[in-house]
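What follows is a short report on a single structure.
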Amino acid sequence: MKTKITQLLLAFICFSLFNCKSSNNQPDKLTYGYNESFQLSENESEVNSSKLVDLYETIWDYPEFNLPINKVVNHDDYYIFIAAAIENNESETINQILKTEEFEFIKEENSTKFSKQLLYQYEDFYIYSVIYAEKIQEIPFVISWVSKNEEIIVNAYNNQLLDEKIN
């Protein structure tokens, strides 16, 4: 009887370890807004860093913007900022971004999933942003993929990689 219990306990431990290992291989999801989700890829992680908040505020710190940062995703080669436009509707948010003189727009277009997707440059940073209103409260979100590596951002934009990551 004792041997059978030991075998069952060993089988349970092995099964538990297997489940833990397999669940760690799946990318995590971030939740933001009213149950919106963002799929993290390998080597991406959510961070709380004042350095990254400072970078975000350097790029989007204009009096007409009220885009408080909601989440920050870190990768060795880029950052992804998730921000909510809490005082403006979606079209006002899009217009504010498009009228920002400091941004050098490379491409702007509607996408199949978002109201607007943009490829632009600010100083040494290349930025791929999508703008859309979340489903429940219709709060506009601006999700921006930022890097000094132009190739990474252009590739993300051309392949619409944010389409795969958001909900």
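General remarks:
- Enumeration of residues in region 101-141 that are surrounded by 13 or more Cβ atoms within 10 Å (Cβ to Cβ) and among the aliphatic types (A, V, I, L, M): I106, L118, L119, I127, V130, I131, A133, I139
- Restricting S91, S144 to those that are surrounded by fewer than 18 Cβ atoms within 10 Å (Cβ to Cβ), among the hydroxyl-bearing types (S, T, Y) and not in a loop (DSSP other than H, G, I, E, B) reduces the list to S91.
- Annotation: of all residues in region 86-110 being in contact with a Lys or Arg (Cβ under 7 Å, 6 or more places away or on another chain) and not β-branched (V, I, T), the one that is farthest from Y157 (Cα to Cα) is N110.
Only the coordinates and a few stated rules stand behind these numbers; no lab work does. A quick note: this is a predicted structure, and the numbers were derived from the prediction, not measured. Please note: Cβ atoms are built from the backbone with ideal geometry, for glycine as well, and neighbour counts cover all protein chains shown.
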